[in-house]
Amino acid sequence: MSIRLENVNYIYSPDSAFRKQALKDIHLEIRDGEFIGLIGHTGSGKSTLIQHLNGLMKATSGHIYYNEQDIYESSFNLRGLRALVGLVFQYPEHQLFEVTVFKDICFGPKNLGLPQEECEKRAREALNLVGLKEKHWQKSPFELSGGQKRRVAIAGVLAMKPEVLILDEPTAGLDPKGRNDILDQIARLHKEGNMTVILVSHSMEDVARYVDRLIVMNRGSVFMDGTPSEVFKHYVELERIGLAAPQVTYVMHQLAQKGFSVNENATTVEEAKNEILAALGRIQP
Ligand SMILES: Nc1ncnc2c1ncn2[C@@H]1O[C@H](COP(=O)(O)OP(=O)(O)OP(=O)(O)O)[C@@H](O)[C@H]1O
Ligand SMILES: [Mg+2]
C-alpha cells in the first residue's frame, strides 16, 4: 500500500486577484506502515497537502496514486478512498453535530452502509481506543470539554477503520497530559494496528518523539524529507524558514562545543539523557 504524488500543484482561486499557489511540484511517496510527521511554518501548505491525500481537494495539475491506481481516473472510487484515508481536521470538534457522542461516532460507519450492530461495535471500540469514559457516551458532544471533544472527533474517524490516519494538529490547545494521552494512543494504533499515520504538528518535541520520518514544507514545496535526526541536524536551515530543532538538540550541540563527547544529534530527552550519562561515565575516574 502506498500513496504516491507526482508533480502535484494546487492553486487557490486561480482566476482571481487572490490567486495563491499553495502546493508546488510535490513529489512524495508515503509507504505502508510509516509514521510521518509533517511540519512547516504557518501557511506552508500542510493542510492543503493532506486534503489531497484522501481526494477531498483535487490537484490543479499532477497525479496522485493510491496503491498505484490513479485517483483522478473516472473509474476510481473516490468515496471509498475517503474511508480508507481517514482525515481528522484542524479543530475537528467544530464538526461534531449529532445529538449524542455515540451517534456522532456511528455516523461514519453508517455512511459506509454497514449494519447498525457493526456501527455500534465500531463506535464502542473507537471510543475505548481514544480513552473516552463510557459515562460520556450518551451526552451531547457540546457538554464535553475541548479535549474530550477532540477525542470524539478522532474516534469518529477511527470507527471507519482507515488504512491511513491523517491528523492535522490533533493536540493543539490540549494540556500536556491530554496531548501525551492522544499521541500515545495514536502511536499504539500505528504499532499494533500497523496503521500508516501522518501527523501534522507544530511541536518539534512531539514529532521527534513519535515519528520515523519527517517531511518539512516550505512555501508549498517539500523542503526536507528524512528521519528526525537527519532533519534536525540542519537546524540552521530550519531556523531560516521559521522552524527550529527540539530544544534538547541545542543543549547537545552546546555540550559538544564545550568539549563533552556526546552525539549532538540526539532529538529526544531520552536519547539526550543516555548520551549525557554515557559521557559522564567516560569522564569519571
Ligand atoms: N481557502 C483558501 N483560499 C485561498 N488561499 C488559501 C485558502 N486556504 C489556504 N490558503 C492559502 O494557502 C497557503 C497554504 O495554506 P495551508 O492552510 O495549507 O497552510 P498550513 O501549512 O496548514 O498552515 P497552518 O500551520 O497555519 O495550519 C497559505 O498561504 C494560505 O493563505
Ligand atoms: Mg493547517
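Yes/no per residue for (1) touching a Leu at 6+ places or on another chain (Cβ under 9 Å); (2) closer than 16 Å to Thr196 by Cβ; (3) among the charged types (D, E, K, R); (4) more than 16 Å from ligand 2 (Cβ to nearest atom):
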position: Lys24; (1), (2), (3), (4): no, no, yes, yes
position: Gly40; (1), (2), (3), (4): yes, no, no, no
position: Gly45; (1), (2), (3), (4): yes, no, no, no
position: Leu56; (1), (2), (3), (4): yes, no, no, no
position: Tyr66; (1), (2), (3), (4): yes, yes, no, yes
position: Val85; (1), (2), (3), (4): yes, yes, no, yes
Inset, instruction - Would you confirm whether any residue within the stretch 207-226 is within 16 Å of ligand 2 (Cβ to nearest atom), assigned to a helix (DSSP H, G or I), under 11 Å from the mean Cα position of the chain (by Cα) and touching a residue at least 60 places away in the same chain (Cβ under 8 Å)? - result: yes
Inset, instruction - Considering (1) within 16 Å of ligand 1 (Cβ to nearest atom); (2) more than 30 Å from His94 (Cα to Cα); (3) surrounded by fewer than 20 Cβ atoms within 10 Å (Cβ to Cβ); (4) not β-branched (Val, Ile, Thr), say which one His202 fails and leave the rest. - result: (2)
Legend entry - Flag for Gly62 being more than 22 Å from Asn111 (Cα to Cα) and touching a Ser or Thr at 6+ places or on another chain (Cβ under 9 Å): no
Legend entry - Residue in the stretch 51-70 that is surrounded by the fewest Cβ atoms within 10 Å (Cβ to Cβ), counting only those that are small (Gly, Ala, Ser) and out of contact with any His (no Cβ under 7 Å at 6 or more places or on another chain): Ser61
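Quick one: is Ile11 under 18 Å from the mean Cα position of the chain (by Cα) and either within 12 Å of ligand 1 (Cβ to nearest atom) or of a type in the set (S, T, N, Q) (or both)?
Numbers: under 18 Å from the mean Cα position of the chain (by Cα): no; either within 12 Å of ligand 1 (Cβ to nearest atom) or of a type in the set (S, T, N, Q) (or both): yes.
Judged against the criteria, Ile11 is not a match.
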Inset, instruction - Could you please let me know if Gly242 is small (Gly, Ala, Ser) and assigned to a helix (DSSP H, G or I)? - result: no
Legend entry - Restricting the stretch 209-253 to residues that are modelled with pLDDT of 95 or more, farther than 21 Å from Leu183 by Cα and among the small types (Gly, Ala, Ser), the residue that is surrounded by the fewest Cβ atoms within 10 Å (Cβ to Cβ): Ser221
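Given the criteria farther than 28 Å from Ile215 by Cα and either of a type in the set (A, V, I, L, M) or surrounded by 14 or more Cβ atoms within 10 Å (Cβ to Cβ) (or both), does Ala256 qualify? Steps first, answer last, please.
Working: farther than 28 Å from Ile215 by Cα: no; either of a type in the set (A, V, I, L, M) or surrounded by 14 or more Cβ atoms within 10 Å (Cβ to Cβ) (or both): yes.
For Ala256, the condition - farther than 28 Å from Ile215 by Cα and either of a type in the set (A, V, I, L, M) or surrounded by 14 or more Cβ atoms within 10 Å (Cβ to Cβ) (or both) - is not met.
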Inset, instruction - Could you tell me whether Gly131 is surrounded by fewer than 20 Cβ atoms within 10 Å (Cβ to Cβ) and not in a helix (DSSP H, G or I)? - result: yes
Inset, instruction - Count, please, the residues in the stretch 153-169 that happen to be buried (at least 24 other Cβ atoms within 10 Å of the Cβ) and within 16 Å of ligand 1 (Cβ to nearest atom). - result: 2
Inset, instruction - Please find, within the stretch 174-194, the residue that is surrounded by the fewest Cβ atoms within 10 Å (Cβ to Cβ) out of those that are outside any helix (DSSP H, G or I) and free of Cβ contacts under 8 Å to residues at least 60 places away in the same chain. - result: Asp175
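Yes/no per residue for (1) of a type in the set (A, V, I, L, M, F, W, C); (2) under 22 Å from Glu192 (Cα atoms):
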{"residue": "Phe102", "(1), (2)": "yes, no"}
{"residue": "Lys110", "(1), (2)": "no, no"}
{"residue": "Pro115", "(1), (2)": "no, no"}
{"residue": "Ala123", "(1), (2)": "yes, yes"}
{"residue": "Pro141", "(1), (2)": "no, no"}
Legend entry - Odd one out for Asp32 among (1) within 28 Å of Val207 (Cα to Cα); (2) within 16 Å of ligand 1 (Cβ to nearest atom): (2)
Inset, instruction - Return a yes/no flag: does the stretch 135-150 have any residue that is more than 16 Å from ligand 1 (Cβ to nearest atom) and on the phi > 0 side of the Ramachandran plot. - result: no
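The values are calculated or read from the model by the stated rules, or taken from the named source; none is laboratory data. Just so it is clear, the structure is predicted and the values come from calculations on it, not from any experiment. Don't worry about glycine lacking a Cβ; one is built from the backbone with ideal geometry, like all the others, and counts go over all protein chains shown.
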